[in-house]
Amino acid sequence: MTKTIFGKPPTIAVLLVATVLAACGPGKTAKEPAAAAQAPAAAPGPVLAAVPPMGFNTWNKFSCEVDEALIRQTADAMVETGMLDAGYKYLVIDDCWQVDRGADGRIIADPKRFAGGMKALADYVHSKGLLFGLYTDLGAKTCQGRPGSLGFHDVDAATYAEWGVDYIKVDWCYADDLNAPKEYTSFRDALRRAGRPIVLSICEWGRNDPWTWAPGVGQLWRTTADIGDNWESLVWIIGANSRHAEAAGPGGWNDPDMLEIGNGGMTFDEYKTHFSLWAIMAAPLMAGNDLRAMTAETKSILLNKEVIAVDQDPLGVQGRVVVERGYGGQVWMKPLADGSKAVVFVNYTNAELAQYVRWSQIGLPAGPAKVRDLWAHQDMGTHTDTGVKYDERLEVKIPAHGVVMVRIWPGQ
Ligand code: GLA
């Protein structure tokens, strides 16, 4: 992967820095390019999430038990386990890092848990080739009762920029009487004025139909209530997030919440379903487990590069259900940039299930196509479906609560 401070190709980062310098720097003259010299304070930033953001967030595993040792160790683990190489680059501290505001209004990090300060911690995270994220809330308080950003959008954005923050998750507790599109847009504009590209992760749990207004405001927006580390939660979230596929695309993504893989509440097959569905829905992939102590099974899921490639595909289409069986089976399809199709067969039942798909149902031309199993990491050979006979269908056996995930390329 390209490693730059902003996690963007150098050309974009260089252009941005040049624009900021041209707009703010000393000695500006009328001879400078008009666009740069007249850039408004809230000029649009670069595309910050051309593909769904990937990283780690403290909340699902550690809730309020966060401190700088955990963050440093997690940063080390992200490099050592291969998570960074696989694409997980944002290391985000969720709620509870903040304790107060100073007389000047500036947010104060917990001086005991983050004794070295956020700037030094961000520097450490950056030194590992990672990007650094924090959490706030648009209400007066965060969900855990810490100081929120109500009335402090510009102060907070400027502070984050100074600390080297690259990603901010913005929650919605104590904010129900506010106007969500207006408030999140105000926060976005404050981030732009602060002059540093910072991913804005909108977290109002789908309460204000964010799929209708969040594209262009944030780079990801939660579509549902909080995930739980259990099968029922997974099923409800998949259903809810699947309804807004049309809103997703390069630069802005539906967020069905962070991953629970490795936290112990689901079976291996259920966690594979979790990861496969997040990938086919082009969801942000924010690991939520203890990266310092991963089992081989957990690693085999989070580090499955063939599934990650489906999530991160540059075409940026959120996959959809193309076949809805009436008995607990679904087939999903996501078109990919190279003309191939990712397909997930899901089994919601408690017993093994056989399911099939026809090429006509997944947008493939009649004829031969190469099939690869993305969990077995095996080619399944060429399968031919001319659309004439029933037994030409591609059929697979799926374990209970599990998936079969394949990628199919048309042609020989
Ligand atoms: C809300 C969010 C969670 C998490 C907690 C922290 O519930 O939806 O993802 O950030 O707040 O308090």
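Between the range 318-339 and the range 76-142, what is the separation of their alpha carbon centroids in Å?
Cα centroid to Cα centroid, the span is 37 Å.
Mind listing the long-range amide H neighbours of G129? Cut-off is under 5 Å, sequence gap 5 or more, other chains count too, H placed in the peptide plane at 1.01 Å from N.
none
Roughly speaking, what is the stretch gain from V235 to T212, that is 0.36 nm per residue apart minus the C-alpha to C-alpha distance, in nm to one decimal?
Fully extending the segment from V235 to T212 adds 5.9 nm.
Among DSSP beta bridges lying fully in the chain, give the percent that are antiparallel, nearest 5. Can you show the working numbers first?
On the way: 38 of 62 bridges.
Within the chain, antiparallel bridges account for around 60 percent of the total.
Which residues among the range 223-240 fall inside the zone where the amide N is under 12 Å from a point 7 Å beyond the Cα of E324, along Cα→Cβ?
So the set is 239-240.
Rounded, prolate or oblate for the range 300-372? Axes are the square roots of the Cα gyration tensor eigenvalues, ordered a ≥ b ≥ c, and the cut-off for rounded is a/c under 1.5. Mind dumping the intermediate values first?
Numbers: a/c = 1.84, a/b = 1.20, b/c = 1.53.
Here the range 300-372 falls in the oblate category.
Can you give me the solvent accessible area of W163 with a 1.4 Å probe, rounded to the nearest 10 Å²?
Per-residue accessible area (W163): approximately 30 Å².
Specify which residue in the list G139, A369, I108 is farthest towards the positive end of the charge dipole of the chain, using unit charges on the beta carbon of Lys, Arg (+1) and Asp, Glu (-1), about the Cα centre.
Among G139, A369, I108, the one farthest towards the positive end of the dipole of the chain is A369.
Measuring with a 1.4 Å probe in the full set of protein chains, what accessible area per residue, in whole Å², belongs to the range 341-403? Can you show the working numbers first?
Details: 3030 Å² over 63 residues.
Ligands and nucleic acids excluded, the result is 48 Å² per residue.
Between H244, H377, H401, find the one with the highest GNM mean-square fluctuation for the chain; connect C-alpha pairs within less than 10 Å.
H377
Between R393 and R101, what is the FRET efficiency for a Förster distance of 51 Å, r being their Cβ-Cβ separation, to the nearest 0.05? Can you show the working numbers first?
Values: r = 62 Å, r/R0 = 1.22.
Efficiency at R0 = 51 Å is approximately 0.25.
To the nearest 20 debye, what charge dipole does the chain have about its Cα centre, counting +1 at the Cβ of each Lys and Arg and -1 at the Cβ of each Asp and Glu?
On the way: 39 positive and 48 negative charges, 216 e Å.
Dipole about the Cα centre, nearest 20: 1040 debye.
Which order do you get for F152, F187 if you rank them by accessible area with a 1.4 Å probe, largest at the top? All intermediate terms of the calculation are to be shown ahead of the outcome.
Values: F152 60, F187 0 Å².
So the residues, ranked largest to smallest area, are F152, F187.
Please report the accessible area of V217 (heavy atoms, 1.4 Å probe, ligands and nucleic acids excluded) in Å², nearest 10.
Solvent-accessible area, nearest 10 Å²: 10 Å².
Please list E80, E306 in order of solvent-accessible area, largest first, computed with a 1.4 Å probe with all protein chains present. Walk me through the numbers on the way to the answer.
Values: E80 150, E306 45 Å².
Descending accessible area places them as E80, E306.
For M294, M286, give the ranking by accessible area with the largest first, probe 1.4 Å. Write down the numbers at each step before the final one.
Values: M294 30, M286 5 Å².
Final ranking, largest accessible area leading: M294, M286.
Could you give the nm distance between label points at K305 and K112, where each point is 7 Å from its Cα heading toward the beta carbon?
The two pseudo-label positions are separated by 4.4 nm.
Need one number: nm distance between label points at A50 and L178, each 7 Å from Cα along Cα→Cβ, rounded to one decimal.
Spacing of the two 7 Å Cα→Cβ label points: 3.2 nm.
Could you list the residues of the range 155-194 with an amide nitrogen less than 18 Å from a label point located 7 Å from the Cα of D123 in the Cα-to-C-beta direction?
Residues 159-166 fall inside that zone.
Round to the nearest 10 and report in Å² the accessible area of Y390, as given by a 1.4 Å probe over the protein chains' heavy atoms.
Y390 exposes around 140 Å² with every protein chain in place.
Leaving out ligands and nucleic acids, note down the accessible area per residue over the range 242-293 with a 1.4 angstrom probe, in whole Å². Working shown, then result.
Numbers: 1270 Å² over 52 residues.
Result: 24 Å² per residue.
Taking the Cα atoms of the chain, report the difference between the largest and smallest coordinate on each principal axis, in whole Å and largest first.
Taking the Cα atoms of the chain, the three principal extents are 73, 51, 43 Å.
Could you please report the charge total around L285, scoring K, R as +1 and D, E as -1 over all other residues with beta-carbon less than 15 angstrom from its beta-carbon? Before the final figure, lay out each step's value.
Working: positive: K89, K169, R222, K272, K299, K305, K334; negative: D85, D255, D257, E260, E306, D311, D313.
Once all neighbours under 15 Å are counted, the net charge is 0.
With all protein chains present, how much of the accessible area of the range 37-140 (probe radius 1.4 Å) comes from carbon and sulfur, to the nearest whole percent?
Working: 1990 of 3810 Å².
Carbon-and-sulfur percentage of accessible area, whole number: 52.
The values are calculated or read from the model by the stated rules, or taken from the named source; none is laboratory data. All of these numbers come straight from a predicted model, not from anything done at the bench. Quick reminder, even Gly has a Cβ in these numbers, built from the backbone with ideal geometry, and neighbours come from all protein chains shown. Side chains are part of the model used for accessible areas, which takes the heavy atoms of the whole protein and leaves out ligands, DNA and RNA. Shrake-Rupley method; radii C 1.70, N 1.55, O 1.52, S 1.80 Å.
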